[in-house]
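Structure, as structure tokens:
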Amino acid sequence: MSWLTKTLTSSIGKKVLMALTGLFLCTFLVVHLSGNFQLFKNDGGYAFNTYAVFMTTFPVIKVISYGNYFFILFHAFWGLYITYKNKQARPVGYAVTKNQSSPYSRNMAILGTILLVYIVVHMSDFWYKFHYEHLPYVQYTEQLNTGQITHAAMDEGYTQDVKKLETFNEAAGTRIVVVKDLYKVVSYAFQNIGLVLFYVLAMFALAFHLVHGFQSAFQSLGLRHSKYTPLIKGISVWVFGILIPIGYAAMPLYFYFFK
Amino acid sequence: MSNENMTIHLKVWKQKNTGSKGHLEDYTVNNVSPDMSFLEMFDVLNEELIHENKEPIAFDHDCREGICGMCSMYINGRPHGPLEGVTTCQLHMRSFKDGDTIVVEPWRAAAFPVIKDLVVDRTAFDRIIASGGYVSINTGNAQDANNLPIGKERADLAFAAAACIGCGACVAACKNASAMLFVSAKVSQLALLPQGEPERQSRALSMVAQMDAEGFGSCTNTGACSAECPKEISLDNIARLNREFLGASLSKPE
Ligand code: SF4
Ligand code: FES
């Protein structure tokens, strides 16, 4: 075995891989959330729909998103593998246990499995549809002098080769943009109370997974010191355990109750 | 605190040998003084069993003053019982109430096979120590004090890590039966001091390799180990071991 495989397959190395992929996914969560905040804009989905086109066409982002898919799968299956190996370290269990650690730190694999199921559902709801299914198109017309944007749905069977068709009408002083209406798909999907509940529950799993996971990643990398560990733990609880899950859960709730 | 003697019900793990299947067996001990240690209660019970021509319960013990780490008992779901920072031998019956039922199990880990009843084989720890937990420099006679300049903070950290008695409660408490707290204490006490410097990198690498070979699980930072450690070894040591190991993997001259 080379020194690298030896290091990465040791008990510490295995956790380092979990930590690095986990921290990458944490960064992704922040970016994904800030992008999706455009769903809250009251502009007929203009900002969100053009953002979706940008995210799926800009080459650098495309590369990062393939990395992201890979890291999600790697983090999930490597984590399950570690859990399986760790179970083997105690073949006979205790009759009574009063474990002194937090319940979520002990159940990262269960929380993670819930999240994996969630990700599959989430991607087939939106990502798959956006990429592979026929979606309605929407046309946005911007008055160039006032910046005012109006929108109108395109005809049922309309389709175009490019993801975003942009034209200028010099005479009328307008800019016309035609894109797939993912915004409509989102707002339609979240009329389903079952789906909304599933999304909100999954965000609880996310919260507990990250309260332990974010700070645990630093410990696995050996980054622990009274100077900064309290800050890392604070971020773990307040940002990843509370703010981010609330931000995500707000989206299905917003569409269900206000749209 | 009551001085009345108590009746204690026990459910104790009985297992003939490593290969056999064990079970919990019920015992009742009368006249238990609150001032007895947990082990003394077992002595009383065993005396009675011997008088009745029954087989006594096998359990490990040696110093009975909290420094040898032999008295491995998993009491009511916690290694060394309900108190913090205390070994089984220093746990007293005043921590229990008259009529209590106490479940006593051995440490459970693939790397700590049960030899008999509550006695487990902890030689996996010895093999980990033998793989690197030593200094091979000739230390000569005892040095004059302050011959080696070591800062107070460092000395304190090394001392705190050296308090580990190798009892295995960390493994018993951990949901992954991980030995990281033990190994991290043993690596830290030497990594922090100049005497440990010559073998610092090879020590971290070989002790972790031996730990893995023994079949302990990998650490998931739940912190149950440190919460149950009778010597209150800090999780800081685990972070240090991670640094030592990763640093050595990346930079040890071949
Ligand atoms: S670290 Fe604590 S619990 Fe683990 S062996 Fe050492 S003294 Fe026992
Ligand atoms: S018997 Fe030595 S520590 Fe308990």
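The values are calculated or read from the model by the stated rules, or taken from the named source; none is laboratory data. These numbers come from a predicted model, not from an experiment. Here the Cβ positions follow ideal geometry from the backbone for every residue, glycine too, while neighbour counts run over all protein chains shown. Only protein heavy atoms, including side chains, enter the accessible area calculation; ligands, DNA and RNA are left aside. Shrake-Rupley method; radii C 1.70, N 1.55, O 1.52, S 1.80 Å.
Odds and ends about this structure:
- Qualifying lysines (Cα of each under 28 Å from Cα of A:Lys163; at least 8 residues distant if same chain): A:Lys41, A:Lys62, A:Lys129, A:Lys180, A:Lys184, A:Lys259
- Solvent-accessible area per residue, Å², over the protein assembly as shown with all protein chains present [probe radius 1.4 Å]: 50
- Within chain B, the whole DSSP H helices whose Cα atoms reach 18 Å or more along their own axis and whose mean Kyte-Doolittle score is at least -1.0 are B:38-51, B:200-213, B:236-251.
- GluC sites (Glu not before Pro) lying in DSSP loop within the stretch B:198-247, provided at most 15 other Cβ fall within 10 Å: B:Glu232
- Computed magnitude of the charge dipole of the stretch B:6-105 (debye, nearest 20; Cβ of K, R +1, Cβ of D, E -1): 360
- Once divided by 2.2 N^0.38 Å, the Cα radius of gyration of chain B becomes 1.13.
- Selection from A:Thr57, A:Gly247, A:Tyr158, by position along the positive dipole direction of chain A (Cβ): A:Gly247
- Computed over protein heavy atoms with a 1.4 angstrom probe, the accessible surface ordering of B:Arg64, B:Arg78, largest first, is B:Arg64, B:Arg78.
- Per residue, the convex hull spanned by the alpha carbons of the protein assembly as shown comes to 228 Å³.
- Efficiency of FRET between B:His9 and A:Tyr132 - r from beta-carbon atoms, R0 56 angstrom, step 0.05: 0.30
- Reduced Cα scattering model of chain A, Debye log10 I(q)/I(0), q = 0.10, 0.11, 0.16 Å⁻¹: -0.63, -0.73, -1.26
- Calculated P(r) tail over 17 Å for the stretch A:9-53, as whole % of Cα pairs: 51
- Counting only residues at least eight positions apart within a chain, or on another chain, the lysines with an alpha carbon under 22 Å from that of A:Lys98 are A:Lys87, B:Lys11, B:Lys14, B:Lys97, B:Lys175, B:Lys231.
- Solvent accessible area, Å² - B:Lys252, 1.4 Å probe, full protein context: 80
- For the stretch B:6-105, the Kirkwood estimate of the hydrodynamic radius, built from every pair of different alpha carbons, is 13.9 Å.
- By the rule of a C-alpha distance below 20 Å, with chain neighbours fewer than 8 residues away ignored, the aspartates and glutamates paired with A:Lys15 are B:Asp212, B:Glu214, B:Asp236, B:Glu244.
- B:Asp98, A:Asp155, ranked by accessible area, largest first (probe 1.4 Å): A:Asp155, B:Asp98
- Cα centre as origin, Lys/Arg/Asp/Glu Cβ charges: the protein assembly as shown dipole, Debye: 1140
- The solvent-accessible area of B:Ser206, taken with every protein chain present and a 1.4 Å probe, is close to 40 Å².
- If R0 is taken as 56 Å, the Cβ-Cβ distance between A:Gln160 and B:Asp121 corresponds to a FRET efficiency of 0.20.
- Between the beta carbons of A:Val237 and A:Asp43, assuming R0 = 30 Å, the FRET efficiency works out to 0.30 to the nearest 0.05.
- With DNA, RNA and ligands ignored, accessible area of B:Ser131 (1.4 Å probe; Å², nearest 10): 30
- Distant-in-sequence amide contacts of A:Thr174, defined by a placed amide H-H separation under 5 Å and a gap of 5 or more residues or a different chain, comprise A:Leu144, A:Asn169.
- Shape of the stretch B:196-237, Cα gyration tensor, a/c cut at 1.5: oblate
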